[in-house]
Amino acid sequence: MRQIFIHVFTFLLFLNSDLFSQVTSEQLHYGATSLSMANSDIALPKTSWSAFVNPAGMVNQKGLTLVASSQSHFSQSFINHSLFGVQINNPKYGSFGISVENSSVNYSGNELVTETAIGLHQGIALRTDGISSFSIGYGIKTYSIEYGNSAGPSGDGSDGISLGALNTIGLDISFLGSLGDRIRAGAKAFNINSPSLGNANNATRLPQRAQIGLAYSPYDLVWTTVALNKSVGHSTNFSSGFSYEIGKRVILRSGMQTSPNRFSSGFEFHFKNVNISYGFITHPVMPSSHQISFELNR
């Protein structure tokens, strides 16, 4: 199992140094759980959010799960990001998930740009025994970006012309392994097929990013996480997180990251089959970002 971990991390480090291209826009925090742990949960994906965070974690899916989340970046109402996902485990075909992401920027009631990503994800267990497990996952996403109208004579876009839309397809791969239910290792590479929007000199490549991380449970109900993230045009940042389960209904989480230095925190409540999570993350210059998530398990 140790050799598998070494191979996985070597592969992701290779991706980290050689695979990146121009970034258009990029989402780092998928769900309040991930945001409250500063995106350090790649090795500890919440099962219901695995389609977004690490599809390899979907092998632990039981039954049907529905999730939804909404975030205003930096507390700005004109920059919205929303998520919706469905995951199901089929005894014959395994675990599958569908993800829907939508980001938009609006001004004076006019949509300047709208980005949508719809993905199909699967987690596949390669090895499971009494003390260890190893799984892989993948995600195939269709990306579309629709531009609003030009400024027009009025200057506010209300009487401009449509600027059109672009589409492409991206592929993600991920890994997840565990030892003795106390140590976990995870990794993910985003858009490994180097997708781009547009043609020739107008082509813009979508975000490509690599992430690797570890999670450790020193004792029951407590997890600590660390991760390295690399995106083109940005410094490699380090993030860490902490999760503490209080009783059976409340989980507290916190985290931090570097480049830029940010602090995050949040909590989760369980009500029978419904979970509600909240998280926030600070920024050294901009206002804090807040995210609330809902989860229904059947």
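Since TYR93 meets every condition but one in (1) closer than 30 Å to ASP181 by Cβ; (2) in contact with a Ser or Thr (Cβ under 6 Å, 6 or more places away or on another chain); (3) among the hydroxyl-bearing types (Ser, Thr, Tyr), which condition does it not meet?
Among (1) closer than 30 Å to ASP181 by Cβ; (2) in contact with a Ser or Thr (Cβ under 6 Å, 6 or more places away or on another chain); (3) among the hydroxyl-bearing types (Ser, Thr, Tyr), the lone unmet condition for TYR93 is (2).
Within the stretch 88-99, work out how many residues are under 16 Å from the mean Cα position of the chain (by Cα) and buried (at least 16 other Cβ atoms within 10 Å of the Cβ).
Of the residues in that region, 2 qualify.
Okay, residues lined up against (1) out of contact with any Lys or Arg (no Cβ under 8 Å at 6 or more places or on another chain); (2) surrounded by 17 or more Cβ atoms within 10 Å (Cβ to Cβ):
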position	(1), (2)
GLY180	yes, no
SER194	no, no
THR225	yes, yes
LEU228	yes, yes
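Taking PRO218 and the conditions (1) closer than 30 Å to SER132 by Cα; (2) within 21 Å of the chain's Cα centre (by Cα), which numbered condition does it fall short on, given that it satisfies the others?
All conditions pass for PRO218, except number (2).
Looking only at the stretch 233-256, decide whether some residue is within 30 Å of GLU146 (Cβ to Cβ), at pLDDT below 95 and of a type outside the set (Val, Ile, Thr).
Checked the stretch 233-256: at least one residue is within 30 Å of GLU146 (Cβ to Cβ), at pLDDT below 95 and of a type outside the set (Val, Ile, Thr).
Which of the residues that make up the stretch 263-281 are farther than 29 Å from LEU64 by Cα and surrounded by fewer than 18 Cβ atoms within 10 Å (Cβ to Cβ)?
PHE263
Identify, please: which residue in the stretch 65-87 is of a type in the set (S, T, N, Q), within 16 Å of the chain's Cα centre (by Cα) and within 20 Å of ALA51 (Cα to Cα) and is, among those, surrounded by the most Cβ atoms within 10 Å (Cβ to Cβ)?
Filtering the stretch 65-87 down to residues of a type in the set (S, T, N, Q) leaves 65, 69-72, 75-77, 80, 82, 87.
Filter once more, keeping what is within 16 Å of the chain's Cα centre (by Cα): 69-72, 80, 82, 87.
Checking which are within 20 Å of ALA51 (Cα to Cα) leaves us with 69-71, 82, 87.
Values: SER69: 26, SER70: 16, GLN71: 26, SER82: 14, GLN87: 28.
The selected residue is GLN87.
Using the structure shown, decide if PHE238 is farther than 23 Å from SER174 by Cβ, free of Cβ contacts under 8 Å to residues at least 40 places away in the same chain, out of contact with any His (no Cβ under 8 Å at 6 or more places or on another chain) and not small (Gly, Ala, Ser).
no
Using the structure shown, decide if GLY139 is in contact (Cβ under 8 Å) with a residue 60 or more places away in the chain, of a type outside the set (A, V, I, L, M, F, W, C) and surrounded by 20 or more Cβ atoms within 10 Å (Cβ to Cβ). Break it down stepwise before answering.
Numbers: in contact (Cβ under 8 Å) with a residue 60 or more places away in the chain: yes; of a type outside the set (A, V, I, L, M, F, W, C): yes; surrounded by 20 or more Cβ atoms within 10 Å (Cβ to Cβ): yes.
Yes; evaluated as a whole, the condition is true for this residue.
What tally of residues in the stretch 104-126 results from selecting those that are over 20 Å from ILE192 (Cβ atoms) and without any contact (Cβ under 8 Å) to a residue 24 or more places away in the chain?
Residues flagged as over 20 Å from ILE192 (Cβ atoms) and without any contact (Cβ under 8 Å) to a residue 24 or more places away in the chain within the stretch 104-126 amount to 1.
Being assigned to a loop (DSSP other than H, G, I, E, B), modelled with pLDDT of 65 or more and of a type outside the set (Val, Ile, Thr) narrows it down to one residue among LEU44, LEU83, LEU66, LEU35; which is it?
LEU44
The values are calculated or read from the model by the stated rules, or taken from the named source; none is laboratory data. Keep in mind that this is a model prediction, so the values were computed, not measured. Cβ sites come from the backbone with ideal geometry, for glycine too, and all protein chains shown count toward neighbours.
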